[in-house]
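The values are calculated or read from the model by the stated rules, or taken from the named source; none is laboratory data. This is a predicted model, so every value here is computed, not measured. With ideal geometry, Cβ positions are generated from the backbone for all residues, glycine too; neighbour counts draw on all protein chains shown. We work out accessible area using only protein heavy atoms, side chains counted, and drop any ligands, DNA or RNA first. Shrake-Rupley method; radii C 1.70, N 1.55, O 1.52, S 1.80 Å.
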Amino acid sequence: IHELEQAGFDCKTSLNRINRKMPIYMGLLKKFRKKYLNLYNEFESALKEEKIKEAEYLIHSIKGASSLIGATKLSDLAYKLEEEIRNKSKREINKRKQDFFTEFNKILEFLCGFEKKYPEKDEMENIQINQQELNLRLTDLDKYLDEDIGKAITITNDLLKLSGNKIFVDDFTVFAEY
C-alpha cells in the first residue's frame, strides 16, 4: 500500500469503500489498467469523428473508475475535461486533454509496473504441479494436521488450485475431508 500511496493513490479511502478487502482492490487496479489501456486512441477517435457524447462518456467512465481506485488527481482532471467537452470549447478541451493524459499515462505506467511486481493470486493459480510434487507437498502438510488444522485446510485448498489437474481432485477431496 505504501508504494501505491507514494504514487498518489488514496488507498485508505478506496479500501474503506470496499470494506478493506485488499484482493478486491488489487483486482480493481488490474481491471482499470486493462479496461483503459486504449483510452487515448478511443478518445481521439471519438473527437475526430465528432462523437462528442462518446468522448464525454469515456471521460465520465474513467472519472468514476479513477476515483474508485484512489487516483484522485486523475479523477479531478477527468472532471475538468468532461466539463469542457460539455461546453464544447475545443481550445479548452485540448488543454485539459493534455493535462489529463499526462496524469493518465503516469498512472497507467505505474500500474503496469506494479502488476508485474505484485501479480494477482489468480495468476499464480495457473501454475501446474506434477504428481510427484503434489505427493511431496502432501507429505510436508501432514505435520500441520496435528498442529493447526486451519492452516492444513488452507494449504490443501491452495494445492488444489495449484494442481489445475482434475486427476488430483479426488485426492484433495479425500484429504480435505480427513
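Equivalent-ellipsoid semi-axes for region 22-100 (Cα gyration tensor, √(5λ), whole Å, largest first): 24, 13, 9. Modelled this way, with points 7 Å down the Cα-to-C-beta line, the labels at Lys106 and Lys80 are 1.2 nm from one another.
Note on region 1-49: Cα-Cα pairs beyond 13 Å make up 66% of the total pair count. Each residue of region 82-87 was assigned a 3J(HN,Hα) from its phi angle through the Karplus expression (A = 6.51, B = -1.76, C = 1.60, θ = phi - 60°), giving 4, 4, 5, 5, 5, 7 Hz with x at Gly and Pro.
Between Glu42 and Gln98, the contour length at 0.36 nm per residue exceeds the alpha carbon distance by 18.7 nm. Rounded to the nearest 10 square angstrom, Phe100 shows an accessible area of 0 square angstrom against a 1.4 Å probe. A probe of 1.4 angstrom, applied to the heavy atoms of all protein chains, finds Glu49 with accessible area near 100 square angstrom. Listed by chain and number, the lysines whose C-alpha is less than 24 Å from the C-alpha of Lys97, apart from same-chain residues fewer than 8 away, are Lys30, Lys31, Lys34, Lys35, Lys48, Lys51, Lys53, Lys63, Lys73, Lys80, Lys88, Lys106. The spacing between region 64-92 and region 1-62, judged by their C-alpha centroids, is 11 Å. Evaluating 6.51 cos²θ - 1.76 cosθ + 1.60 at θ = phi - 60° for every residue in region 22-27, the Karplus couplings come out as 4, x, 5, 4, 4, x Hz, glycine and proline recorded as x. Placing pseudo-labels 7 Å out from each Cα toward the beta carbon at Leu15 and Tyr118 gives an inter-label distance of 0.9 nm.
Leaving out ligands, DNA and RNA, and with a 1.4 Å probe, what % of the accessible surface on region 37-77 is carbon or sulfur? Here it works out to 53 percent.
Of the residues Cys112, Cys11, ranked by 1.4 Å probe accessible area with the largest first, the sequence reads Cys112, Cys11.
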